[in-house]
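Enquirer: Let me begin by handing over the structure; questions about it come next.
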Amino acid sequence: MILYRSRILKPLIYILLMVVVTGCWNSKELNEISVVIALGIDTVDDQYEISLQVVDPSQMSRNRAMERSPTIVFSSRADTLFEALRKLTTESSRKMYMSHLKFVIFDENTARKGIKKPLDFLFRDHEVRPDFHLAIVRGSSAKDAVSFVAPTEVLPAMDMYKALKVSEKTWAPTSAVDVKDLLQRLTKEGIEPVLTGIRLNNLNKGLTIDNVKKSPQHVNYLFTGIGVFQGDRLTGWIEESKSKAFTYISNRVSSTVASVGCPNSKGKFAFEVIHNNVKIIPKIKNNEPHITLVVDTEANIGEVTCNADLKDEKTFNEFQVAGREEQEKILKEGIQNAQHIGSDIFGFGEAFHRKYPSEWHKWKEDWTRKFQHLQVDVNLRYRLNRVGKITNSVDSYQNN
């Protein structure tokens with residue numbers, strides 16, 4: 001009898017569960033939400049001012065002429081980001097939906113005060129996905145950075161998001177830092193965070209849709225320099241000429257270009273780095289930390305503006321030496337700049353932490369000073385491979 005009842009009850013229970021759990025209990029209709037793609041965070045009068053770049057669905061149709069900006073910017077101030085976000089319900093009929101957030105921008109004031117507090121909400125909120133990128137706007141407010149109309153993509157935040165990723169791969173001075181990378185650097189010992197900087201040009205004329213209706217555009221943005229942190233506070237900037245060292249040493253470079261003077265002749269030649277790998281080797285010498293960088297670099301000649309016979313082996317070797325010296329100069333100057341600021345953005349301390357944990361335990365409290373006086377040797381293997389479809393410069397062919 002009991003077995004019979006069990007056979008009857010089980011199917012009934014299964015049917016009842018299927019009825020109860022059918023559908024999405026926490027579903028959100030598109031006409032009830034505003035999709036946030038960028039968040040600007042400013043500090044104003046000891047409060048946070050958040051600015052949200054929100055997609056305007058009425059302007060997203062491909063078959064409709066662009067009558068106004070494809071995005072809407074909402075702003076609010078409060079003591080915390082969570083409060084400021086909820087205050088926006090007083091001026092928007094839709095709930096702010098954060099799951100598609102792609103870019104978070106801080107102003108310099110907020111970055112210098114510390115970014116852990118505003119990041120707490122973004123790490124904690126269940127709607128925010130941990131795949132957005134971060135940057136610091138230089139000389140403007142974060143509100144300005146999320147308000148202008150971009151020339152390339154329909155959505156300005158997507159334009160910046162894609163441009164930063166492409167720039168990191170093909171132009172080494174910029175670094176695309178996502179929230180996972182930042183969190184790791186904030187929690188690990190012996191490595192400090194960095195964030196790329198953004199500059200806005202001619203902003204006062206570019207906050208309307210007119211900015212993209214003619215060429216050239218009034219306002220444009222430029223990723224320039226990397227902001228160097230100690231803990232969660234911005235302490236300084238490494239400008240473009242020296243910020244390549246960070247992307248080289250952290251093995252973020254897929255391709256980049258540099259130029260150097262031609263040996264024994266007027267003009268310059270440009271080379272494209274097509275492969276770069278750096279190994280950080282920590283050592284202890286005379287009871288003090290010491291770093292050796294083993295660098296393997298391959299490059300191609302991309303442009304020559306001097307009369308040089310690259311068919312001649314001696315001349316080609318001189319070009320290779322010049323390229324190697326330029327590469328070594330970039331690395332050493334970048335390291336010296338970071339040491340001057342006192343921020344170990346390269347993770348040298350982390351390398352000691354892994355290999356010499358007991359010594360690191362003694363050094364970590366004084367690592368800033370030790371890093372500033374750390375001896376770093378660069379062991380560089382540099383090879384020029386190809387010269388392109390022509391060997392010598394165009395001038396040399398004309399002269400012949």
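The values are calculated or read from the model by the stated rules, or taken from the named source; none is laboratory data. These numbers come from a predicted model, not from an experiment. Note that we place each Cβ from the backbone using ideal geometry, even for glycine, and neighbour counts take in every protein chain shown. Remember, those area values only see protein heavy atoms, side chains included, never the ligands or the DNA or RNA. Shrake-Rupley method; radii C 1.70, N 1.55, O 1.52, S 1.80 Å.
Enquirer: Give Ala157, Ala145 a once-over and let me know the one that is modelled with pLDDT under 85, among the small types (Gly, Ala, Ser), within 14 Å of Leu39 (Cα to Cα) and out of contact with any Pro (no Cβ under 7 Å at 6 or more places or on another chain). Steps first, answer last, please.
Expert: Numbers: Ala145 fails: modelled with pLDDT under 85.
That would be Ala157, the only listed residue that is modelled with pLDDT under 85, among the small types (Gly, Ala, Ser), within 14 Å of Leu39 (Cα to Cα) and out of contact with any Pro (no Cβ under 7 Å at 6 or more places or on another chain).
Enquirer: Restricting to segment 99-153, name every residue that is of a type in the set (Lys, Arg), over 19 Å from Ala84 (Cβ atoms) and touching a Lys or Arg at 6+ places or on another chain (Cβ under 8 Å). Please lay out each step first, then the result.
Expert: Step one: filter segment 99-153 for residues of a type in the set (Lys, Arg), giving 102, 112-113, 116-117, 124, 129, 138, 143.
Those left that are additionally over 19 Å from Ala84 (Cβ atoms): 102, 112, 129, 138.
Once the filter is applied, which keeps residues that are of a type in the set (Lys, Arg), over 19 Å from Ala84 (Cβ atoms) and touching a Lys or Arg at 6+ places or on another chain (Cβ under 8 Å), segment 99-153 yields Arg112, Arg138.
Enquirer: Give me the pairs, please: first residue somewhere in segment 220-237 and over 15 Å from Ile341 (Cα atoms), second residue anywhere and hydroxyl-bearing (Ser, Thr, Tyr) and surrounded by fewer than 22 Cβ atoms within 10 Å (Cβ to Cβ), beta-carbon distance under 8 Å, and either six or more positions apart or on two chains.
Expert: What qualifies is Phe223/Ser167.
Enquirer: Within segment 225-244, how many residues are farther than 16 Å from Ile191 by Cβ, among the hydroxyl-bearing types (Ser, Thr, Tyr) and open to solvent by 20 Å² or more (accessible area, probe 1.4 Å)?
Expert: The total comes to 1.
Enquirer: Looking at segment 273-299 only, could you name the residues that are surrounded by 18 or more Cβ atoms within 10 Å (Cβ to Cβ) and over 18 Å from His353 (Cα atoms)? Give the steps one after another, and end with the answer.
Expert: Of the residues in segment 273-299, the ones surrounded by 18 or more Cβ atoms within 10 Å (Cβ to Cβ) are 273, 276, 278, 280, 282, 289, 291, 293, 295, 297, 299.
Val273, Asn276, Val278, Val295, Thr297, Ala299 - these are the residues of segment 273-299 that are surrounded by 18 or more Cβ atoms within 10 Å (Cβ to Cβ) and over 18 Å from His353 (Cα atoms).
Enquirer: Which of the numbered conditions does Leu186 fail, given that it passes all the others? Conditions: (1) closer than 17 Å to Thr235 by Cα; (2) surrounded by 21 or more Cβ atoms within 10 Å (Cβ to Cβ).
Expert: With (1) closer than 17 Å to Thr235 by Cα; (2) surrounded by 21 or more Cβ atoms within 10 Å (Cβ to Cβ) applied to Leu186, the lone miss is (2).
Enquirer: Please specify each residue of segment 289-347 satisfying the condition of being within 22 Å of the chain's Cα centre (by Cα) and of a type in the set (Asp, Glu).
Expert: Glu333, Asp344 - these are the residues of segment 289-347 that are within 22 Å of the chain's Cα centre (by Cα) and of a type in the set (Asp, Glu).
Enquirer: Follow-up. Take Ala338 and decide whether it is at pLDDT 90 or above, small (Gly, Ala, Ser) and either open to solvent by 30 Å² or more (accessible area, probe 1.4 Å) or closer than 30 Å to Pro193 by Cα (or both). Spell out the reasoning first.
Expert: Values: at pLDDT 90 or above: yes; small (Gly, Ala, Ser): yes; either open to solvent by 30 Å² or more (accessible area, probe 1.4 Å) or closer than 30 Å to Pro193 by Cα (or both): yes.
So Ala338 passes the test.
Enquirer: Give me a count of the residues in segment 340-366 that are under 26 Å from Asn277 (Cβ atoms) and of a type outside the set (A, V, I, L, M).
Expert: Matching residues across segment 340-366 total 14.
Enquirer: Given the structure, is Val55 open to solvent by 10 Å² or more (accessible area, probe 1.4 Å), more than 30 Å from Trp237 (Cβ to Cβ), in contact with a strand residue (DSSP E or B) (Cβ under 8 Å, 6 or more places away or on another chain) and at pLDDT below 90? Write out each step before concluding.
Expert: Values: open to solvent by 10 Å² or more (accessible area, probe 1.4 Å): yes; more than 30 Å from Trp237 (Cβ to Cβ): yes; in contact with a strand residue (DSSP E or B) (Cβ under 8 Å, 6 or more places away or on another chain): yes; at pLDDT below 90: yes.
Taking the combined requirement at face value, the residue satisfies it.
Enquirer: Just the residues that are open to solvent by 30 Å² or more (accessible area, probe 1.4 Å) and of a type in the set (A, V, I, L, M), please, taken from segment 305-335. Step through it out loud before you land on a result.
Expert: First, the residues of segment 305-335 that are open to solvent by 30 Å² or more (accessible area, probe 1.4 Å): 305, 307, 309, 311-314, 316-318, 320-321, 324-326, 328-329, 332-333.
Val321, the sole residue that qualifies.
One line per residue, one yes/no per condition, for (1) free of Cβ contacts under 8 Å to residues at least 60 places away in the same chain; (2) open to solvent by 20 Å² or more (accessible area, probe 1.4 Å):
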residue	(1), (2)
Val73	no, yes
Leu81	yes, no
Ala84	yes, no
Thr90	yes, yes
Val104	no, no
Asp120	yes, yes
His126	yes, yes
